[in-house]
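This report concerns only the one structure given below.
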Amino acid sequence: YLDPQCASGRDTVTHLFEWKWTDIKAECEIFLGPYGYCAVQVSPPNEHAVVANPNRPWYERYQPVSYNIITRSGNEQQFRDMVTACNKAGVRIYVDAVINHMTGSYTGHGTGGSSFDGNACRFPGVPYGPNDCNGHDNCHTRDISIHNYGNSDEVRNCRLLGLADLRLGSDYARGKIADYMNKLIGFGVAGFRVDAAKHMWPGDLENIFGRLQNLRSDVFGSGKKPFIYQEVIDMGGEPITMKEYFGTGRVTNFKYGVELANIFLRHSNQAKWLSNIGEGWSMPPTNNVVVFLSNHDNQRGHGGGDSNGIHAGSSVWLSKGHEQLRLDTNGDDHNNWQGPPHNGDMSIKNVTINSDMSCINGWICEHRWRQTYNMVAFRNVVGGTPLQNWHAFGDYQIAFSRGNKGFIAIVGDGSHLNANAQTGLPSGTYCDVISGNYENGACTGNKIHVDGNGDTHLKIDGNSDDPVIAIHIGAKV
Ligand code: QV4
Ligand code: CA
């Protein structure tokens, strides 16, 4: 479950939050494929509660009603077309799998018309009935909801936010979930982000994932397992840790983004200590995690892993397309519930692309920003090489190479950097892919000269918009 199944030479995942399947299909073909992205994390594709108050919030997608593929993003045929087209473009689809729970404790209808009663655990669209949810027999809080994250049994057996908690110890529920995931694998998806994994027993997940079929051999080759990355918010201080989930896939490392944010927002450590971020900072081994700077929750003040102060325009591993990121001066969202850009009938708006490559019609596309997509290419070029030629010219003036393939310099505190540095790169003239693009052998941004010894002169005004220089052997002028 650890292999992301990227097409060769690709490495970065973007989250196209609440996009329609038809728009993701087009984005794979015209942008994500050509620009070297590995995969898209898509919003939960299965039928979920229609929440009316507030009106159609983004989070209704985290309240499953059935495993039928029908949401505002599109129907099953549109989903399948997207997966096929994206695979053809060399881009993988990872599905956000909400399998810990169903809806909140109320009655209503789902996006496909199925009825539900969350409190009674009645979901005829699956079907699940009262025996398929945990209850007073194994959850020992008064209202069978989670109150104490210090109690592992409670976190796993009680209701997260009052959401009907599935009895994953039972063969029936395990089978229904595996059927859903296998259906998606049959369509050609490459993997899953497992929502709320902390709230499920590792043994139950092991059983469910053990029922999954291999990925489609016509796309991935034979004998390939789905990629699994599990949402476990582990900031320390709770009995449930990321490590418990290493046996069933990778885990989301929420500490990574928080540490980086603390540095560049100058809340704690200085950038000069970054040379060994990762295991050297008591984080789990690289191959057990997925790292990112922000996600759909902490950009909106949800989830437990937030308070890193990073919001829109911050994500590199995981960028996203969504409107409504209106931040106040404290970095909080004015509306933490607002759903995607929509028409008068509440259908989701098309993503429209402007001539400057940005998205309009209410959408923000961080994955289309020059600094983002050029660093996706940088990552593809330097993949597999070690960090070398580390320089700390000041507390917040750092530079390093990735082997002899790429070199980056960053000023994080508004100071001026003016220094010579060993880049580890072959001599030549390189295109700084932060200030411009490398196009047809020419550079639209600043050119950086590396001499025969591998040295260059770095000049960065820390107050400029992008106080960063990045060069790599794929963009030599
Ligand atoms: C309300 C009350 C509860 C009450 C309940 C009674 O707040 O106290 O018990 O009614 O029914 C929405 C509302 C929430 C409401 C709940 C049930 O915001 O107020 O409870 O629905 O009706 C997203 C949102 C949640 C949202 C949920 C379901 O963030 O606000 O809840 O979707 O729509 C922990 C977990 C971690 C989790 C994180 C948010 O360890 O796993 O909290 N993160 C994932 C997703 C996240 C999603 C869920 C899990 C749930 O990334 O987006 O929650 O699927 O850290
Ligand atoms: Ca649970």
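For the reader, a short list of remarks on this structure follows.
- Once backbone amide H atoms are built at 1.01 Å from N, residue 70 has 47 as its partners under 5 Å, excluding neighbours fewer than 5 places away on the same chain.
- Between 0 and 90°, nearest 10: helix 171-187 axis offset from the chain longest Cα axis: 50 degrees
- Sequence-distant lysines (8 or more away, or on other chains) whose Cα lies within less than 18 Å of residue 225: 183
- Within segment 179-216, the trypsin sites (Lys or Arg not before Pro) that combine a DSSP coil assignment with at most 15 other C-beta atoms in a 10 angstrom radius are 211.
- Computed [θ] at 222 nm, helices only, for the chain once each DSSP H run of length n ≥ 4 contributes -39500 (n - 2.57): -5000 deg cm²/dmol
- Principal axis extents of the C-alpha atoms in the chain (largest first, rounded to whole Å): 72, 47, 44.
- For segment 27-73, the orientation-averaged shadow of the C-alpha convex hull comes to 4.2 nm² (one quarter of the hull surface).
- Whole-angstrom gap from segment 102-167 to segment 185-207, using each part's C-alpha centre: 18 Å
- Separation of alpha-carbon centers, segment 254-288 and segment 59-76, rounded to whole Å: 36 Å
- For segment 15-24, 3J(HN,Hα) per residue [Karplus equation, 6.51 cos²θ - 1.76 cosθ + 1.60, θ = phi - 60°, Hz, x = Gly/Pro]: 9, 9, 5, 6, 5, 7, 4, 5, 6, 5
- Counting only protein heavy atoms and a 1.4 Å probe, segment 140-231 has 37 square angstrom of accessible area per residue.
- Couplings for segment 113-127, taken from phi via the Karplus curve 6.51 cos²θ - 1.76 cosθ + 1.60 with θ = phi - 60°, read x, 5, 7, 7, 9, x, 5, 8, 6, 10, 9, x, x, 8, x Hz in order; Gly and Pro are left as x.
- Amide hydrogen neighbours beyond the local backbone of residue 230, cut-off 5 Å, H modeled: 194, 250, 251, 252
- Cross-linked pairs 20/224; 25/459; 88/405; 25/176; 272/405; 405/459: Cα-Cα separations exceed 32 Å for 25/459.
- Whole-number D in µm²/s for segment 324-471 (Stokes-Einstein; Kirkwood sum over Cα pairs; 25 °C, 0.890 mPa s): 139 µm²/s
- Sulfur and carbon atoms: percent of accessible area, segment 327-477 [1.4 Å]: 45 percent
- Residue-normalised accessible area of segment 1-114, given per residue in Å² at a 1.4 Å probe: 30 Å²
- Sequentially through segment 54-65, phi angles give Karplus couplings (6.51, -1.76, 1.60; θ = phi - 60°) of x, 6, 6, x, 4, 6, 4, 5, 9, 10, x, 10 Hz, Gly and Pro residues having no value and appearing as x.
- Shape call, segment 121-267: gyration tensor on alpha carbons, a/c limit 1.5: oblate
- Distances between placed amide hydrogens fall under 5 Å for residue 151 paired with no residue 5 or more residues away or on another chain.
- Dimensionless Rg over Rh [segment 1-96; C-alpha; Kirkwood]: 1.01
The values are calculated or read from the model by the stated rules, or taken from the named source; none is laboratory data. Please read these numbers as outputs of a predicted model, since none were measured by experiment. For neighbour counting, all protein chains shown are included, and Cβ atoms are generated from backbone atoms with ideal geometry for every residue, glycine included. Surface accessibility is based on the protein's heavy atoms, side chains included, excluding ligands, DNA and RNA. Shrake-Rupley method; radii C 1.70, N 1.55, O 1.52, S 1.80 Å.
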